[in-house]
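The values are calculated or read from the model by the stated rules, or taken from the named source; none is laboratory data. These figures come from a predicted structure and were not determined experimentally. Just so you know, the surface numbers come from the protein's heavy atoms only, side chains and all, with ligands and any DNA or RNA stripped out. Shrake-Rupley method; radii C 1.70, N 1.55, O 1.52, S 1.80 Å.
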Amino acid sequence: MQPKIVNRPAFKVIGLSYVGKNEHGEIGQMWERFNHQSQAVKSINDKEAFGLCFSTVEGPSRPGEFEYVSGFEVAEDKAVPQGMVYRQVPAYKYAVFTHHGKLDTLGETYQYIYNTALAQTGLKLHPDKFDMEVYDEDFKFGQDNSKFYIYVAIE
């Protein structure tokens, strides 16, 4: 799995936030809630949905916890619907990997990226340790021919 290297400019997202370790499928449950509430977000990009993974958590947290935000790109933070959050994503250089198939093998894809692929390619993680999932027209929930993209911030 050879990554594609891309530069992506800074952008802004509004969506739902989860802080924890995803030990009980909380992120999948949050996506389900977001899909029901997403029409409240004034998105400027209806071609992509984002799953943002921040390794640094604002406020109190336990070791190993991260923040995951499911959301859409927006122009500004003026209209954050109740119960949602606004996050800014800085410009980064990314190694882009593709997850193929259903979501039940997503953990294996992440294990491969972080434990094998980055080392094999000689790429170094950005100190922010940020990554994101980008869901576009290639994503087909629950189908074997589905794919989406995992962007890992690199130096």
(message) Can you work out the Karplus-derived ³J(HN,Hα) for every residue in segment 112-127? Use 6.51 cos²θ - 1.76 cosθ + 1.60 with θ = phi - 60°, whole Hz, and x for glycine or proline.
(response) 4, 4, 7, 9, 10, 4, 4, 5, 5, 8, x, 7, 10, 4, 5, x
(request) Please list the non-local residues whose amide H lies under 5 Å from the amide H of PHE11, H modeled 1.01 Å from N, same-chain partners needing a gap of 5 or more. (result) VAL89
(request) Taking all protein chains together and a probe of 1.4 Å, list MET132, MET84 from the most accessible to the least accessible. (result) MET84, MET132
(request) Would you calculate, for the chain, the mean residue ellipticity at 222 nm contributed by helices, counting each DSSP H stretch of 4 or more residues as -39,500 (n - 2.57) and dividing by all residues, to the nearest 500? (result) -4000 deg cm²/dmol
(message) Based on alpha-carbon centroids, what's the gap between segment 102-155 and segment 7-45 in Å, whole number please?
(response) 17 Å
(message) At 0.36 nm per residue, and after removing the present C-alpha to C-alpha distance, how many nm does the segment from LYS93 to LYS140 gain when stretched out fully?
(response) 14.3 nm
(request) Collect residues whose amide H, placed 1.01 Å from N in the peptide plane, falls under 5 Å from the amide H of GLU73; neighbours closer than 5 in sequence don't count. (result) ILE44, ASN45
(request) Among (1) 0.94; (2) 1.08; (3) 0.98, find the value of Rg/Rh (Cα atoms, Kirkwood Rh) that was calculated from the structure presented, and write down its label. (result) (1)
(message) Can you compute 3J(HN,Hα) from phi for each residue in segment 143-150, using the Karplus curve 6.51 cos²θ - 1.76 cosθ + 1.60 with θ = phi - 60°, rounded to whole Hz and x for Gly and Pro?
(response) 10, 5, 8, 6, 8, 8, 10, 10
(request) Give the cross-link partners of LYS140 among the lysines, using a straight C-alpha distance below 28 Å as the criterion and excluding same-chain residues fewer than 8 apart. (result) LYS4, LYS12, LYS21, LYS42, LYS47, LYS93, LYS102, LYS129
(request) Calculate one ³J(HN,Hα) per residue across segment 61-76 by plugging θ = phi - 60° into the Karplus curve 6.51 cos²θ - 1.76 cosθ + 1.60, and present them in order as whole Hz with x for glycine and proline. (result) 8, 9, x, x, 7, 9, 9, 10, 10, 9, x, 10, 6, 10, 7, 7
(request) Specify the angular offset, from 0 to 90 degrees and rounded to the nearest 10, of the alpha carbon long axis of helix 26-37 from the longest principal axis of the alpha carbons in the chain. (result) 40 degrees
(request) Once you have the Cα-Cα distance between LYS47 and ALA10, take 0.36 nm times their residue separation minus that, and quote the gain in nm to one decimal. (result) 11.6 nm
